[in-house]
Structure formats: structure tokens, C-alpha cells
């Protein structure tokens with residue numbers, strides 16, 4: 001059973017006005033048209049919706065039940081139509097970012113877009129860099145920030161980020177003890193850089209905590225059971241960030257690449273790319 005919105009509006013007008021003539025005046029139609037609409041609706045419903053009492057149409061129990069439901073249907077319909085007519089077309093841009101960059105670099109990018117996001121809808125996809133490259137190749141994202149061992153073919157720009165050690169106040173590696181590391185899974189450039197530095201200086205180490213998410217890494221670091229590494233300027237508040245100590249050696253820089261769809265990128269995607277480039281230049285210049 002499909003009931004026209006016009007029939008529901010007519011029914012509500014009759015219910016609230018108590019007569020066909022007053023309902024017709026409200027909806028700017030004839031009383032005959034209003035009567036016909038009521039008959040059509042009662043035919044669809046399969047029962048009387050009103051009975052005449054003392055020159056007024058009184059709703060039946062079926063009519064009262066329909067009225068409550070009709071109000072909800074009409075409100076939802078009117079909201080849908082209003083939204084469709086009033087909103088400007090929105091341009092969707094899918095941005096891929098490792099979650100540690102999302103919480104730092106891309107957070108500042110979005111802050112710079114406060115007055116420039118009216119016609120944009122940003123879908124933020126957080127994942128490991130290797131997975132984001134694959135997502136771009138599948139065209140599941142429009143652009144991404146990634147750190148990889150070698151320059152990807154889809155790179156628009158690249159910059160070198162200084163890598164620092166990050167740990168909590170409670171973390172205290174001794175000169176003789178094994179250094180506990182919190183790291184992303186094997187294949188992560190940060191992980192590889194940390195291990196290479198410790199191996200070069202003959203420090204004893206082990207991966208004590210491994211996680212695919214930044215939240216997992218930070219849980220271990222804030223608990224004081226492990227040290228990790230992050231690009232300079234991306235460390236959360238409340239943690240210690242150092243380039244090196246007497247125990248922790250200096251780390252090599254790591255590349256950050258902005259990869260995109262190139263000539264196929266939409267103007268909206270280009271706008272976000274430019275914002276990202278400005279942020280990278282301001283942080284790592």
C-alpha cells in the first residue's frame with residue numbers, strides 16, 4: 001500500500017480543523033476535492049477515519065492512530081525536502097592518513113580549513129602507509145600522507161621529517177638493560193629506523209608492544225613500559241620528546257610523501273593537497 005503525501009496532508013488538515021470546508025481552505029482546494037481525498041485514503045486504509053457528530057468530523061480510533069503516525073511521516077518528508085533544496089552540492093574528498101599523522105599534522109590542516117569547508121565533505125581513512133598506497137591505487141582514497149622506504153610513483157611531493165624518541169616520565173631505560181620498544185608491525189619505516197639505530201650502537205632491545213594503531217602504541221608509552229619514535233612536531237602533549245640521550249641514539253630522518261591521483265584529482269582534492277603541502281613546509285622546512 002502506497003499512500004500519497006497529499007492524502008496524508010489532507011487527512012491531517014481535516015483532523016485538526018474538524019471539517020472538510022475548513023481543511024479545504026487551509027490547503028487552498030475545493031471541499032469536493034478534500035472529500036474525494038478522504039474517501040481515497042479511507043479506501044487505502046480499509047476503514048472509516050471520521051464520523052460526523054454535531055456538525056463536526058470526529059476521528060475514529062483508526063483515525064487517531066493514523067494521525068499520530070502521519071505527523072511523523074510528514075515531518076520527516078518535509079525535512080528531507082528542505083535539506084535537499086537548501087544545501088549546496090557538497091564535494092567529497094577521501095583522505096588517507098596514518099593515525100599518528102591524523103592526530104597531529106592533519107588535525108592542523110583541518111584547523112586551517114575552518115572557513116573553507118562549507119562545500120566539502122571529508123572522509124578520513126586511517127591505516128598503515130602501505131595499505132593507504134594500495135587504497136589510492138584502487139581509487140578508494142583521493143590522496144594520502146604516507147611514509148615508505150622508497151618513493152612511490154604517485155608521490156606529488158616529499159619532505160624529510162626528523163625522527164625523535166618519545167616516552168613518558170615513568171620510562172627509565174638503564175645503560176645496561178634491554179630497551180623496550182612500542183612499534184607498528186614489521187614493514188613500518190619508523191620501526192626499521194629505530195632498530196637500525198639501536199643495532200648500530202650495540203644497544204640491547206626488544207619489541208615489547210606491537211600495534212597497528214597509534215592508540216595502541218600510546219597506551220604502552222604512557223604506561224611507561226616502552227619507548228617509541230615519532231616525527232618531530234607530532235608528539236602528543238604530556239610526553240617527553242628528545243632527539244637522543246646518552247642511552248638512546250640519534251635517529252635518521254624519514255620521508256613523508258603526499259600521494260594523489262595526479263591529473264585526475266578533483267579541484268576539491270587539490271585544495272586539500274595545497275593545505276597539506278603548506279603544513280608540511282611549515283613543520284619540516
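Miscellaneous remarks
- The condition of being on the phi < 0 side of the Ramachandran plot and part of a loop (DSSP other than H, G, I, E, B) holds for only one of 197, 250, that being 250.
- For residue 233, the criteria (1) in a helix (DSSP H, G or I); (2) in the same structural domain as residue 173 (by TED's automatic domain parsing) hold in every case but one, which is (1).
- Verdict on residue 251 being surrounded by 13 or more Cβ atoms within 10 Å (Cβ to Cβ) and either out of contact with any helix residue (DSSP H, G or I) (no Cβ under 6 Å at 6 or more places or on another chain) or modelled with pLDDT under 90 (or both): no
- Residue that is more than 21 Å from residue 78 (Cα to Cα), in contact with a helix residue (DSSP H, G or I) (Cβ under 7 Å, 6 or more places away or on another chain) and surrounded by 20 or more Cβ atoms within 10 Å (Cβ to Cβ), where the choices are 8, 48, 20: 20
- Residue match in the range 221-228 (condition: within 21 Å of residue 148 (Cβ to Cβ), assigned by TED's automatic domain parsing to the domain that holds residue 171 and either free of Cβ contacts under 8 Å to residues at least 24 places away in the same chain or touching a helix residue (DSSP H, G or I) at 6+ places or on another chain (Cβ under 8 Å) (or both)): yes
- Filter result for residue 280 (within 15 Å of residue 167 (Cβ to Cβ), over 20 Å from the mean Cα position of the chain (by Cα) and either assigned by TED's automatic domain parsing to the domain that holds residue 149 or touching a residue at least 60 places away in the same chain (Cβ under 8 Å) (or both)): no
- Pairs linking a residue in the range 130-153 that is assigned by TED's automatic domain parsing to the domain that holds residue 185 to a residue that is outside any loop (DSSP other than H, G, I, E, B), with Cβ atoms under 7 Å and 6 or more positions apart or on different chains, do not occur.
- Residue in the range 35-42 that is surrounded by 15 or more Cβ atoms within 10 Å (Cβ to Cβ) and not in a helix (DSSP H, G or I) present: no
The values are calculated or read from the model by the stated rules, or taken from the named source; none is laboratory data. The shown structure was predicted, so the numbers you read here are calculated from the model rather than taken from an experiment. Heads up, the Cβs are rebuilt from the backbone with ideal geometry, glycines too, and the neighbour counts pull from every protein chain shown.
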